[in-house]
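The structure under discussion appears below in the form of structure tokens.
The values are calculated or read from the model by the stated rules, or taken from the named source; none is laboratory data. Source: prediction; values computed, not measured. Cβ placement follows ideal geometry from the backbone for every residue including glycine, while neighbour counts extend to all protein chains displayed.
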Amino acid sequence: MAVFAIALCPVGTAIAAPPAVIITSPFNGGVVTTQTPTFGGFAEEGHELTLRIYSGPAAEGLAIEEGTFVPPGGAWSIYLFEHLRDGIYTAVAIETNAAGETGRSPPVTFTVSTGAPAVTLNAPNSPPYDTTPFFTGTATDTQPITVLIHVGPTAKGTIVSAATATGTGGGWTSGNASPALPIGQYTAVAIQPSSLGNPPGRSGPVTFTVTPTPPPPAASFSWFPLVPQIGERVSIVSSSTDATSPITGLAWALGDDGPFQPGAAVLTTSFPTPGGHLVRLLVTDANGFSGMATQTITVVTPRVLLMQPFPVVRIAGTETRSGVRLRLLRVQQTPAGAKVTIRCRGRGCPTKSQRRFAVGNARGVAPVDFRTFQRVLRAGVTLEILVSKPGAIGKYTRFTIRRHKFPLRVDMCLDPSGVKPLACPPS
């Protein structure tokens, strides 16, 4: 049986049977910070009162502590000398009067807590180069948590920074450490005071290192072909590198104000106009750092080459009193599929226009003869011979018959559309 000390209080008014008994201290759901708590309440005077204490949140099973005394009536107070370990308990007071009627107090559940709050501290979740890291952990009290940061590998070093967190009775996350930490090794300890007046709780030490900030990724790219033409497909290839972290993202932008679009290491595109075209590449690594490269791709107008083989226009004849008698008008050395057009202007033209195509066979491409014009052509007649093939510079010849003079012959090139004569490019 437990040993109790009784403190007598002034006599109160007797209560009708059954006796009315209540426990007022500790209050239901309360926390006491001593292992010998004081119990108090009200009861009817002059009758035996029994106080029973049960382990756990209900008055069930066998009482672990029990004491009987006779209070003088009214308020009563008992000092418990037997120590209760930290934990949850339930107390009930019972009184029986002279008539044999028993009064029982409502059960009062309370907690004995004499220890410090339990505090844990995790390693910093922020990157190792973060000079103002934040911390996480757990703490059983609701008082604020302070993380003290000591310089060096133990918690014996000088405190150089701190971070604070709001206590929740469970998990917590601190703000950033202040002031910022230089590069080096540190040890952090989390401390939480007890809201019950018990000793403060203290976590185990956590040692971490603040490292130099890594450089951002080096963005770079090249393209093929080096001098693309209008409309030509261009492959732009990233050659970006990062010495400390994997590259996790690439984004391309065409133009100096175009938006960046996520992409792969190779971007395939084309450009509709000649001149310089700005291309930008944004590269991001796993640390969240970014690097950008900007280059200008020069686009040129497609180069048009001379027709191969280049045609030869042969004109032969003799002079007459009225003009020239042509005995040969031939276009030879033409590529297969080339179009040959003869246009005639002036009086005496046998036809205004005639068109033929160069035809290839196993022995090559046969010459194209225009026998319609192998006749006498009067002075003032002009023949235009146009040899064309899409995408190539062709042949243009103008042959003008003059009175009492040699015919005038002009040889030029023909634009790729086959319409306009132009000066031939230098070979």
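For the stretch 223-268, the strands (runs of 3 or more DSSP E) that sit wholly inside it and include 1 or more residues that are within 19 Å of residue 286 (Cα to Cα) and in contact with a Ser or Thr (Cβ under 7 Å, 6 or more places away or on another chain) are 247-254.
Restricting to the stretch 299-340, count the residues that are in a strand (DSSP E or B) and either hydrophobic (A, V, I, L, M, F, W, C) or in the same structural domain as residue 231 (by TED's automatic domain parsing) (or both). Adding up the residues that qualify gives 14. Against the test of being over 27 Å from the mean Cα position of the chain (by Cα) and closer than 30 Å to residue 35 by Cα, the options 154, 207, 166, 187 yield a single qualifying residue, 166. Among the criteria (1) free of Cβ contacts under 8 Å to residues at least 60 places away in the same chain; (2) on the phi < 0 side of the Ramachandran plot; (3) surrounded by 15 or more Cβ atoms within 10 Å (Cβ to Cβ), the one residue 307 does not fulfil is (1). Close Cβ contacts (under 9 Å, 6 or more residues apart or on different chains) running from residues in the stretch 176-200 that are in the same structural domain as residue 142 (by TED's automatic domain parsing) and on the phi > 0 side of the Ramachandran plot to residues that are among the polar types (S, T, N, Q) and in a strand (DSSP E or B) comprise 184/209.
Of everything in the stretch 375-427 that is exposed (fewer than 14 other Cβ atoms within 10 Å of the Cβ) and small (Gly, Ala, Ser), the residue that is nearest to residue 323 (Cα to Cα) is 423. The set of residues in the stretch 220-260 that are in contact with a Pro (Cβ under 9 Å, 6 or more places away or on another chain), of a type in the set (A, V, I, L, M, F, W, C) and surrounded by 12 or more Cβ atoms within 10 Å (Cβ to Cβ) comprises 230, 234, 247, 250, 251, 252, 253. Count of the stretch 197-219 residues, restricted to those that are small (Gly, Ala, Ser), surrounded by 13 or more Cβ atoms within 10 Å (Cβ to Cβ) and assigned to a loop (DSSP other than H, G, I, E, B), is 2. When 416, 335, 367, 425 are checked against the criterion of being under 23 Å from residue 309 (Cα atoms), touching a residue at least 24 places away in the same chain (Cβ under 8 Å) and either in contact with a Leu (Cβ under 8 Å, 6 or more places away or on another chain) or among the aromatic types (Phe, Trp, Tyr) (or both), 425 stands alone in meeting it.
Scanning the stretch 79-116 for residues that are at pLDDT 85 or above, part of a strand (DSSP E or B) and not hydroxyl-bearing (Ser, Thr, Tyr) turns up 87, 88, 91, 92, 93, 94, 95, 103, 104, 108, 110, 112. As for the stretch 8-20, it holds no residue that is at positive phi and modelled with pLDDT of 85 or more. Filter the stretch 372-413 for residues that are free of Cβ contacts under 8 Å to residues at least 40 places away in the same chain and either assigned to a strand (DSSP E or B) or among the hydroxyl-bearing types (Ser, Thr, Tyr) (or both) and give the result. 372, 382, 396, 398, 400, 408, 410, 412, listed by residue number. Going by the structure shown, is residue 74 modelled with pLDDT under 85 and on the phi > 0 side of the Ramachandran plot? Judged against the criteria, residue 74 is a match.
The set of residues in the stretch 131-140 being modelled with pLDDT of 95 or more and either buried (at least 20 other Cβ atoms within 10 Å of the Cβ) or in a loop (DSSP other than H, G, I, E, B) (or both) consists of 131, 132, 133, 134, 135, 137, 139.
Pairing each residue of the stretch 79-93 that is among the polar types (S, T, N, Q) with any residue that is part of a strand (DSSP E or B), provided the two are 6+ apart or on different chains, yields C-beta distances under 7 Å for 90/54; 90/108; 90/109.
A quick yes/no check of all residues on (1) surrounded by 15 or more Cβ atoms within 10 Å (Cβ to Cβ); (2) more than 13 Å from residue 373 (Cα to Cα); (3) of a type in the set (A, V, I, L, M, F, W, C):
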position	(1), (2), (3)
327	no, no, no
330	yes, no, no
335	yes, yes, no
339	yes, yes, no
345	no, no, no
348	yes, no, no
355	no, no, no
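Listed conditions (1) closer than 15 Å to residue 108 by Cβ; (2) crowded, with 18+ Cβ neighbours inside 10 Å are all met by residue 31, apart from (2). Residues in the stretch 41-65 that are surrounded by fewer than 17 Cβ atoms within 10 Å (Cβ to Cβ), modelled with pLDDT of 90 or more and within 15 Å of residue 105 (Cβ to Cβ): 58 alone.
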